[in-house]
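Engineer: Please find one structure pasted underneath; my questions will follow.
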Amino acid sequence: MTTPKSRRESTADKLTNVFFTLPAVILYSVFFIYAVFVGINYSFTNWDGIAKAYEYVGFKNYANLFQNQFFWKSLTVTVNYALLLVALTMTVSLVLALSLNSIRHLKTLTKSVFFVPSMIGGVTIALIFDQIYYRLVPTIGQALQFKPLMQSPLASAATALFAVVFVNAWQAVAMPTLIFMAGLQSVPTELYESAMLDGATTFRRFRYITFPYLMPTFTINMVLAIKGGITSFDYAYALTQGGPSRSTMLIGILIYNDAFNNMKFSLANAEAVILFLIIAALSLVQIKLSSKGSVNTL
Amino acid sequence: MKKEGFGWRILRDIVLVLGLLLILVPLYIVIINTFKSLEEASQGFFAFPASFNLTNYWELINKNNFWTYAKNSTMISVVAILLVAVINPAVSYAIARNFNRRYYKIIYFYIILGLFIPFQVIMLPLTKIMTGMKMLSPSGLIVLYVALSLSKGVFMFVNYIQGLPLEIEEAARIDGCNTFQVFTKIVLHLIGPMLATLVVMDALWFWNDFMLPLLLLNKTQDYWTLPLFQYNFKTEYSFNYTMAFTAYFMCMFPVLIVYAFGQKHIIAGLTAGAVKS
């Protein structure tokens, strides 16, 4: 127990402790918790965001959403986006971590370069790739005679989502790679040595030694990546604003558009609440998964 | 160290080279095109510039309110980080050392709750709350950033502080220090590494953030931050991409400079933070 027990605490000390907590608690309560309740409250009204008065309409917004094609489409798009993002990010960052971990020369320099993407702002990199997609990719597509790439991938509903995921992944890979590398360090080298003495192939060493040690890291990375994918906004907004034909209409963008462009403020709040419930469910899953075994239960 | 088979080493090298290209080529494209005029660029997208022509840069700085936006971004990020660096450790220390008291335990879980609440839930109500409180300004944004930094900050710091040995603080108390002095003279130094991690993560967030400025500062051009500027710039210069690239590069530049000098610490700090969480 890290809390000191036997200590005559002066009133000054007690006050100090309380004062230390006050700014945080007040700020958090007003701008976070209160905001959540305000949002939930709005979802039960018919406010368009501008009018001077509004009424309470019960669960009407939620009933609407249940049948709302656009909402379901956005949910599907968002789930697809998250799954694609996670698959791409996890594979690439794991491969990168393994690769970076095993090089001997120029390790720090290479690591540094690989981390640059996460320093740049999301909007900046999205806008840069917008130009690359628009000007560079068609040239390549023409040269390779590869139909999907002969115009900017962002212009076609079939390829837009992949194009946005790619940009997101370009940035998102850095952090999990770092985390995986840290996880890889925790594997005791003796295990590898004795495995090699026993003649295990590289693949076997990975499967029976590295992977079990990486499982907790992997789980956490996965859930964080899924949550990140579901709430993603910047890239899709800067690149496509949700189009073409709503093929990249992530939930975050739908909420924003409905609130500020479509004058459906209360509906947007209901959408946000539903998103909240989905994320809450995911978080519960995450907690359950991370309290289950790590390497210690082997 | 593991000795890889020859085949694996080739594969690994290919992977790394591909990765490096994927990262460096876009950056290369951006940088070289900032030195070209539009005509020169349309002749050769990839070509190295004829000379290091700074016309685009001058035009960007002089024609637009670039310095206003840079000033806004800087002010917001710096002030917010300073406040974050003071408030987070303070509340975390109070919680960590008083965890046996109900008030502090409740506050801890209360604040941690925020980790499970996605931003979209509060995004819309916040716009109305901030409008009502007349906080649609850079200062208002600063307050908001501090409030939103708490969930993650408290989570990271409380765990870290609870791992610190009590003896040093106890010794200080025996010497007559009260809680405030223990905090400022001792704890603040001990939490250095974790503080560095939090500062790096949050500074990156504040500097590059797009959503909150979009929601709160977009209407008044004087309040724009650099990300907002870049986004709004897009429509204005959709054909003049050399100018656009110049804008993007100038916005990236400060971060890249800081990174170039501090990369060892930045990467180390983030790794440490990642391992802890």
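The values are calculated or read from the model by the stated rules, or taken from the named source; none is laboratory data. Quick caveat: nothing in here was measured; it's all calculated off a predicted structure. FYI the Cβ positions are ideal-geometry reconstructions off the backbone, even for glycines, and counts take in every protein chain you see. Side chains are part of the model used for accessible areas, which takes the heavy atoms of the whole protein and leaves out ligands, DNA and RNA. Shrake-Rupley method; radii C 1.70, N 1.55, O 1.52, S 1.80 Å.
Engineer: So, in the stretch A:26-39, exactly how many residues are surrounded by fewer than 17 Cβ atoms within 10 Å (Cβ to Cβ) and under 18 Å from B:SER92 (Cα atoms)?
Structural biologist: Of the residues in that region, 2 qualify.
Engineer: Please enumerate the residues belonging to the stretch B:45-59 that are surrounded by 12 or more Cβ atoms within 10 Å (Cβ to Cβ) and either assigned to a helix (DSSP H, G or I) or under 23 Å from the mean Cα position of the chain (by Cα) (or both).
Structural biologist: Within the stretch B:45-59, B:THR55, B:ASN56, B:TYR57, B:GLU59 meet the criteria.
Each row is one residue, and each column tells you yes or no for (1) facing chain B (nearest Cβ under 7 Å); (2) of a type in the set (Gly, Ala, Ser).
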| residue | (1), (2) |
| --- | --- |
| A:SER10 | yes, yes |
| A:PHE19 | no, no |
| A:ILE26 | no, no |
| A:VAL36 | yes, no |
| A:GLY39 | yes, yes |
| A:SER43 | no, yes |
| A:ILE50 | no, no |
| A:ALA53 | no, yes |
| A:GLY58 | no, yes |
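Engineer: If you don't mind, another one. Taking only the stretch A:235-288 into account, find how many residues are facing chain B (nearest Cβ under 9 Å) and of a type in the set (Asp, Glu).
Structural biologist: Matching residues across the stretch A:235-288 total 1.
Engineer: Kindly indicate which of B:ASN33, B:ASN62 is touching a helix residue (DSSP H, G or I) at 6+ places or on another chain (Cβ under 6 Å) and either part of a helix (DSSP H, G or I) or modelled with pLDDT of 85 or more (or both).
Structural biologist: Being touching a helix residue (DSSP H, G or I) at 6+ places or on another chain (Cβ under 6 Å) and either part of a helix (DSSP H, G or I) or modelled with pLDDT of 85 or more (or both) holds for just one of B:ASN33, B:ASN62, which is B:ASN33.
Engineer: Please note which helices (runs of 4 or more DSSP H) are completely contained in the stretch A:145-201 and include at least 1 residues that are more than 10 Å from every other protein chain (Cβ to nearest Cβ) and open to solvent by 20 Å² or more (accessible area, probe 1.4 Å).
Structural biologist: Here the list reads A:160-172, A:189-197.
Engineer: Moving on to the next point. All but one of (1) assigned to a helix (DSSP H, G or I); (2) of a type in the set (A, V, I, L, M); (3) within 13 Å of chain B (Cβ to nearest Cβ); (4) open to solvent by 20 Å² or more (accessible area, probe 1.4 Å) hold for A:MET222, so report the exception by its number.
Structural biologist: (3)
Engineer: I'd like to verify a number: residues in the stretch A:92-103 that are open to solvent by 30 Å² or more (accessible area, probe 1.4 Å) and within 7 Å of chain B (Cβ to nearest Cβ), how many?
Structural biologist: Within the stretch A:92-103, residues that are open to solvent by 30 Å² or more (accessible area, probe 1.4 Å) and within 7 Å of chain B (Cβ to nearest Cβ) number 1.
Engineer: So if I check each of A:THR89, A:THR124, which one is at pLDDT 90 or above, more than 11 Å from chain B (Cβ to nearest Cβ) and part of a helix (DSSP H, G or I)?
Structural biologist: Every option except A:THR89 fails the conditions.
Engineer: Which members of the stretch A:130-144 meet the condition of being buried (at least 18 other Cβ atoms within 10 Å of the Cβ) and more than 7 Å from chain B (Cβ to nearest Cβ)?
Structural biologist: A:ASP130, A:TYR133, A:VAL137
Engineer: Out of the stretch B:1-39, which residues are touching a Ser or Thr at 6+ places or on another chain (Cβ under 9 Å), touching a residue at least 60 places away in the same chain (Cβ under 8 Å) and open to solvent by 40 Å² or more (accessible area, probe 1.4 Å)?
Structural biologist: Once the filter is applied, which keeps residues that are touching a Ser or Thr at 6+ places or on another chain (Cβ under 9 Å), touching a residue at least 60 places away in the same chain (Cβ under 8 Å) and open to solvent by 40 Å² or more (accessible area, probe 1.4 Å), the stretch B:1-39 yields B:SER37, B:LEU38.
Engineer: Just checking, does the stretch B:209-226 include any residue being within 8 Å of chain A (Cβ to nearest Cβ) and at pLDDT below 90?
Structural biologist: No, the stretch B:209-226 contains no residue that is within 8 Å of chain A (Cβ to nearest Cβ) and at pLDDT below 90.
Engineer: With (1) within 10 Å of chain A (Cβ to nearest Cβ); (2) over 23 Å from A:GLY252 (Cβ atoms); (3) in a helix (DSSP H, G or I) as the list, and B:VAL187 as the residue in question, which single condition is left unmet?
Structural biologist: B:VAL187 satisfies every listed condition except (1).
Engineer: List pairs: first in the stretch B:162-175 and closer than 15 Å to B:ILE191 by Cβ, second among the small types (Gly, Ala, Ser) and outside any helix (DSSP H, G or I), Cβ under 7 Å, 6+ apart or cross-chain?
Structural biologist: Hits for this filter: zero, empty list.
Engineer: Follow-up. Residues of the stretch B:115-134 being in contact (Cβ under 8 Å) with a residue 60 or more places away in the chain and open to solvent by 20 Å² or more (accessible area, probe 1.4 Å), which ones?
Structural biologist: Correct list: B:PHE119 only.
Engineer: Next up: Determine whether B:ALA94 is out of contact with any Pro (no Cβ under 6 Å at 6 or more places or on another chain), in a helix (DSSP H, G or I) and either facing chain A (nearest Cβ under 8 Å) or within 30 Å of B:TYR145 (Cα to Cα) (or both).
Structural biologist: yes
Engineer: Under 9 Å by Cβ, and 6 or more places apart or on different chains, what pairs join a residue from the stretch A:27-46 that is under 28 Å from B:ASN88 (Cα atoms) with one that is outside any helix (DSSP H, G or I)?
Structural biologist: Listed by first residue and then by second, the contacts come to A:VAL30/B:MET133; A:PHE32/B:ILE117; A:ILE33/B:ILE117; A:VAL36/B:ILE117.
Engineer: Given (1) touching a Ser or Thr at 6+ places or on another chain (Cβ under 7 Å); (2) crowded, with 19+ Cβ neighbours inside 10 Å, where does B:ILE112 come up short, assuming only one miss?
Structural biologist: Against the list (1) touching a Ser or Thr at 6+ places or on another chain (Cβ under 7 Å); (2) crowded, with 19+ Cβ neighbours inside 10 Å, B:ILE112 comes up short only on (2).
Engineer: Please enumerate the residues belonging to the stretch B:100-123 that are facing chain A (nearest Cβ under 7 Å) and in a loop (DSSP other than H, G, I, E, B).
Structural biologist: Answer for the stretch B:100-123, where residues must be facing chain A (nearest Cβ under 7 Å) and in a loop (DSSP other than H, G, I, E, B): B:ASN100, B:ILE117, B:PRO118.
Engineer: Follow-up question, since we're still on this one. Looking at the stretch A:202-219, which of the residues that are open to solvent by less than 50 Å² (accessible area, probe 1.4 Å) and among the hydroxyl-bearing types (Ser, Thr, Tyr) is nearest to A:PHE114 (Cα to Cα)?
Structural biologist: The residue in question is A:THR217.
Engineer: Based on what the data block shows, is B:MET123 within 25 Å of the chain's Cα centre (by Cα) and not polar (S, T, N, Q)? Before you say what the answer is, go through the steps one by one.
Structural biologist: Numbers: within 25 Å of the chain's Cα centre (by Cα): yes; not polar (S, T, N, Q): yes.
Taking the combined requirement at face value, the residue satisfies it.
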